[in-house]
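Student: My questions all concern the structure below.
The values are calculated or read from the model by the stated rules, or taken from the named source; none is laboratory data. As the structure is a prediction and not an experimental result, all values here were calculated from the model. Glycine gets a Cβ as well: all are built from the backbone with ideal geometry, and neighbour counts include every protein chain shown.
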Amino acid sequence: MRLKILAAVALLLPGLLGIALAVDPATQPAHAPSSRPAITSIPIGPAYAGTQINATVFRVNALVTSGEYQFVTYYAPDGSVVVGRRKPPDANWDLATLAFKGNVSDAHNVVVIGVSSDGLLHLSYDHHAQPLHYRISQKPLDIRSFGPERPMTGQTEQHVTYPQFVNAPDGTLYYFYRDGASGNGSLCVNRYDAATQSWTIIAHPLIDGLNRCNPYWWRPSFAADGALHLAWCWRDTPDAQTNHDLCYAASPDGGKTWRRSDGKPQTIPITPDNAEIVDPIRKNSNLINQCSSAVDAAGRPHLVQYFNDPAGIPQFFHIWFDGKSWQRNQVSQRTGKFSLSGSGSLAIPISRPEIAITRDNRVTIICRDAEFGGGVRLYRANAPYEKWDAIDLTHDDLGNWEPQYDLNRFRAGGILDLFLLAVRQGNHETATDFAPQQASLLEVNLNQ
């Protein structure tokens with residue numbers, strides 16, 4: 001299904017969305033149906049698996065590449081933070097179990113890693129509306145030299161959740177996190193200055209729920225020209241069924257100024273009263289929060305998420321800006337119903353989706369669906385993204401795993417490195433007795 005859901009003015013900022021100079025991918029000839037990509041499995045080590053904490057889609061980054069090295073982080077079976085390093089194509093990991101732990105019984109308390117352009121490693125971990133836990137390595141690319149906990153900016157760091165490190169194409173490191181709580185919070189963004197080895201505030205807040213809701217943002221994405229694209233939904237209470245309205249903004253200059261998809265200025269902070277709604281999704285639609293975004297070679301944003309189809313069945317949907325308006329395409333053809341009712345982490349039969357776009361603008365959506373065996377499933381399509389091919393890469397049931405991949409390595413060469421771990425999550429923030437499992441890296445060549 002392809003629905004035009006919002007009219008937009010075509011006079012866009014060329015450096016922001018690339019409309020004036022780019023060729024519309026929808027006018028290009030479609031490629032042949034997707035073939036099965038080559039995959040390689042690389043073991044990492046034993047990991048905690050009694051909650052979803054090591055396998056949530058918002059764990060950015062679980063894997064990250066800098067130069068010739070790739071890094072990984074996760075919680076060991078006893079809750080200790082593990083950081084690993086390898087030098088592809090070498091499959092052997094050098095793993096360091098560090099002397100600090102996280103509360104693994106709460107799946108919000110993820111550990112994430114970033115690498116700044118000066119080679120220093122950054123760790124953030126163990127947050128659910130708690131004070132900032134952040135460490136930085138004392139030596140470049142060194143997994144064993146993390147110093148003591150320290151502040152970033154010293155401001156708005158008392159109620160942190162959902163830490164994310166994201167590199168711009170030039171290597172600049174950004175840090176995204178929520179200040180506040182579910183149903184009442186805001187998105188804050190910092191940027192690391194490698195010259196001074198210090199963090200500066202981009203906006204505290206960038207998106208503000210005005211004490212009546214909170215933004216749940218999709219994974220941030222950068223275009224090749226450095227433009228930052230951001231999408232989110234609003235949640236009115238801790239109940240996930242109050243998620244509603246998919247919104248969007250972009251910055252052509254690293255967060256200094258912001259624009260809507262029609263190129264008009266966007267006031268900061270962004271609020272429920274001034275945000276651009278690109279898909280007006282009602283509450284009680286099973287709209288999932290915290291999904292993913294990517295930008296194609298023409299500089300146009302693509303968003304993936306799931307919510308109910310007209311029959312009340314949750315489906316994966318792909319929403320993209322074609323240069324004039326936002327388009328919605330239904331990706332999956334699921335038959336099973338479920339409900340997102342309630343608060344806290346939930347045991348859900350499908351994962352939140354991830355998205356990767358190759359240089360020829362072919363879109364790949366990565367997910368898990370118990371209806372098809374619970375392994376790694378890909379949906380792939382070429383513009384105009386109306387026909388989707390499904391490919392099951394693995395067939396073992398991964399429980400409540402969600403996709404996380406190495407954004408930097410994919411950007412460099414089209415290799416999709418997924419962090420793979422079978423996990424089990426209880427409803428409403430409860431842990432299970434599922435035993436530790438072997439974490440692995442699934443390497444997928446999307447150039448095929």
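Student: Considering Tyr192, Tyr216, Tyr174, which residue is within 24 Å of Asn274 (Cα to Cα), aromatic (Phe, Trp, Tyr) and modelled with pLDDT of 95 or more?
Tutor: Tyr216
Student: Now, a different point. Within the stretch 424-444, identify whether any single residue is at pLDDT below 95 and of a type in the set (Ser, Thr, Tyr), and answer yes or no.
Tutor: Scanning the stretch 424-444, I find at least one residue that is at pLDDT below 95 and of a type in the set (Ser, Thr, Tyr), so the answer is yes.
Student: Pull out all pairs, ordered by first then second residue, where Cβ-Cβ is under 8 Å, the residues are six or more apart or on different chains, the first lies in the stretch 115-143 and is over 19 Å from Arg191 (Cβ atoms), and the second is among the aromatic types (Phe, Trp, Tyr) and modelled with pLDDT of 95 or more.
Tutor: Pairs that qualify, where the first residue is over 19 Å from Arg191 (Cβ atoms) and the partner is among the aromatic types (Phe, Trp, Tyr) and modelled with pLDDT of 95 or more, are Tyr125/Phe100; His127/Tyr162; His127/Tyr177; His133/Tyr125; Gln138/Phe146; Leu141/Tyr69; Ile143/Phe71.
Student: Select from the stretch 279-328 the residues that are free of Cβ contacts under 8 Å to residues at least 40 places away in the same chain, out of contact with any strand residue (DSSP E or B) (no Cβ under 9 Å at 6 or more places or on another chain) and of a type outside the set (Val, Ile, Thr) and list them in ascending order.
Tutor: Of everything in the stretch 279-328, those that are free of Cβ contacts under 8 Å to residues at least 40 places away in the same chain, out of contact with any strand residue (DSSP E or B) (no Cβ under 9 Å at 6 or more places or on another chain) and of a type outside the set (Val, Ile, Thr) turn out to be Pro310, Ala311, Gly312.
Student: Now for a different question. Got a sec? Which strands (runs of 3 or more DSSP E) wholly within the stretch 5-90 have at least 2 residues that are buried (at least 17 other Cβ atoms within 10 Å of the Cβ), of a type in the set (A, V, I, L, M) and modelled with pLDDT of 95 or more?
Tutor: Answer list for the stretch 5-90: 39-47, 63-66, 80-86.
Student: Cβ contacts < 8 Å: first residue farther than 23 Å from Ser66 by Cβ, restricted to the stretch 409-437; second residue among the charged types (D, E, K, R), any location; separation 6+ or different chain. Result?
Tutor: Every condition considered, the pairs that remain are Ala422/Asp396; Ala422/Asp397; Glu429/Asp106; Thr432/Arg424; Phe434/Arg424.
Student: Right, another one. So Ile348 clears everything in (1) assigned to a loop (DSSP other than H, G, I, E, B); (2) crowded, with 21+ Cβ neighbours inside 10 Å; (3) in contact with a strand residue (DSSP E or B) (Cβ under 8 Å, 6 or more places away or on another chain) except one condition, right? Which one?
Tutor: So the condition that Ile348 fails would be (3).
Student: I've got another one for you. Given (1) touching a residue at least 12 places away in the same chain (Cβ under 8 Å); (2) in contact with a Ser or Thr (Cβ under 8 Å, 6 or more places away or on another chain); (3) over 25 Å from Gly50 (Cβ atoms), where does Asn274 come up short, assuming only one miss?
Tutor: (1)
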